[in-house]
Amino acid sequence: MAAEPIRYRKLPGHRRGIINASSVWLGPDHLLLVKSQRFKEEYKRYYLRDIQAIAVARAGRFHISSRALALGALWFASWVVSLTYLRLTPFVWTAGPLLVIAWLYISFDRSCVCRIYTAVSADVLPSVYRTWTARRFLRAVEPRIREVQGPIDPAWLDVAGRRVGPESAPAPGMLPLTDLPSILEPAAPGPAAATPAGAARTVASDIFLATLLIEAALDAAGFRMNAPALSWLTAAAAVAQIGAAVFLFIDRSRGRLRSAVHKVAIARLIWLTVVYYIGSGLNAITRTAMIPFVPANDVIRAIDLAVSIVLLATGASIVWRAGEEPPPSLLGNGS
Amino acid sequence: MPLSKWEFQAGGTATCPACGAANTVCAFPAMLAAAGAARAEAALEGEAACFDHPAKRATAACSQCGRYVCALCAVELGGEVWCPNCVASRAGRARAANLETSRTLWDSVAFTLPLASLAVWPVTILAAPAAIAIGIVKWNRPLSLVRRTRWRLAAGIALGAAETAGWAWAIAYLLALPRGGGG
């Protein structure tokens, strides 16, 4: 007699690549991790009663999904069309960098690694790699596991908490903490553990803010003089700014930078792209004398100056406030 | 990087002590149960002993073959206890227990073969009949554990049939051409 097939419900998250794919499904009493290599699927089961913890850690994930590839293909098709319909060109050339910046932003700042722990394994769930997916995944899975396992005894947490302070004996009926699985073991002190939880500012963030100041100064100087050297200096500052932004993202993803100054960098990169294409478009219009215009460069320069000052003030404020606050360590909360 | 014990108090959010990244952690009671892993106890004189470990006390009987098993050997499947031998041989109702760790996706093979071979179109003369054969032979084979429909198999067969028909028409057309060189 054929066995009744198990009905699985798909859980949030699906990693689709060109060859590899991965997803997690919920069965009656277990989670099924499916890893597919186009013509073959591999399965791993995690029984709900055995799952000890699910941990989601922020981390950069630079996966090019089939959806991203489809968007890239769509952009390429639009570019081909724009060769015939020239009016589309500015839109196509604005959309391309915006898409890249959006992908970089999501990969740097909205990505994570999700691990599932049992007594004998600690596996990454490849399908849960964006923070919003992780939230939805936990919302779907956590109640089911709690339903099977029940809630954690709060007395145990009290015992665990007391371990931070002076040594104390475990409460009656509680397990000695030395018997707990390795996920709970404190990290061995080492050079990395001695580092606090990220600094408020790094060299990259300082250089980035400095380039904002330089660009603002160059924009202001541009109203009074029109020397070619000024254009070269502005371009050099922009290149330095982009480089500093990249290192700033790396610092942030590796936890060396805890302030949110990277968001200012993202905004600046988006603005740089927009201002470049708007400037190119307006220059083209002025050159062909389609409309009697106006010092387009001055208008853009004024807006750029204002944006630079606003971003500089925002970035400096973020860094200053992060410097005032203690590192976000729970030990520091006195708990 | 293991997480510190005290971090589990903070309503699911824990900060890595090394890099400062904020992690979300859902901890479950199984974390505590792990310390009490199964330990087979020694059998006293006159007590039932495990079939594979005669010195260990039996805690249950295999629901398939009836052999006694100790706490170490007992395998819990679908609310029943099985001995390791029955699980390994997938005897009786153990067959129902879904223990597969991988499956070949023949439906994807049948679907991709005629499509991918179009990139080097002469290959379709072999790939198209192969797709039809795979589609028919593997029709009743189980598909993915989580994917139910057979549309890929059907589409593979249809594509293979279309390409085969194209080849048949082309060969027939070439054969029907008037042969030159007769004077």
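Brief remarks on what is shown
- Karplus (6.51, -1.76, 1.60) ³J(HN,Hα), θ = phi - 60°, over the stretch A:127-143, in Hz, Gly and Pro reported as x: 6, 9, 9, 10, 5, 5, 5, 4, 4, 5, 4, 5, 4, 7, 8, 4, x
- Whole-angstrom gap from the stretch A:13-86 to the stretch B:104-180, using each part's C-alpha centre: 28
- As a proxy for reagent exposure, B:Trp82, A:Trp232, B:Trp139 were ordered by neighbouring Cβ count within 10 angstrom, fewest first; the result is A:Trp232, B:Trp139, B:Trp82.
- Amide H contacts of B:Asn23: B:Ala14, B:Thr15, B:Cys16, each under 5 Å away and 5 or more positions distant or on a separate chain (H built 1.01 Å from N in the peptide plane; Pro and chain starts excluded).
- Of the cross-linked pairs A:Lys10/A:Lys35; A:Lys10/A:Lys40; A:Lys44/B:Lys56, those separated by over 22 Å at the C-alpha level are A:Lys44/B:Lys56.
- For peptides A:66-74, B:171-179, sequence by mean Cβ density within 10 Å, most packed first: A:66-74, B:171-179
- Each peptide among A:117-126, A:42-51 gets the average number of other Cβ atoms lying within 10 Å of its residues, and from highest to lowest they stand as A:42-51, A:117-126.
- Segments A:8-16, A:135-143, B:117-125 sorted - mean Cβ within 10 Å per residue, highest first: A:8-16, A:135-143, B:117-125
- Among A:Tyr105, A:Tyr129, the order by Cβ neighbours within 10 angstrom, fewest to most, reads A:Tyr105, A:Tyr129.
- Footprinting exposure proxy for A:Trp25, A:Trp132, A:Trp103 (fewest neighbouring C-beta atoms within 10 Å first): A:Trp132, A:Trp103, A:Trp25
- Coupling constants for the stretch B:60-68 follow from the phi torsions by the Karplus curve (6.51 cos²θ - 1.76 cosθ + 1.60, θ = phi - 60°), and in residue order they are 7, 10, 4, 6, 9, 9, x, 5, 6 Hz; glycine and proline get x.
- Whole-angstrom gap from the stretch A:113-143 to the stretch A:204-252, using each part's C-alpha centre: 41
- Global form of the stretch A:198-325, assessed from the alpha-carbon gyration tensor, a/c cut-off 1.5: prolate
- Per residue, the convex hull spanned by the Cα atoms of the stretch A:55-132 measures out at 75 cubic angstrom.
- Distances between placed amide hydrogens fall under 5 Å for B:Ala60 paired with B:Val69, all partners being 5 or more residues away or on another chain.
Rule-based calculations on the coordinates, nothing more; no lab input. Everything numeric here is computed off the predicted structure, so don't read it as measured data. Using ideal geometry, Cβ is built from the backbone for each residue, glycine included, and neighbour counts are taken over all protein chains shown.
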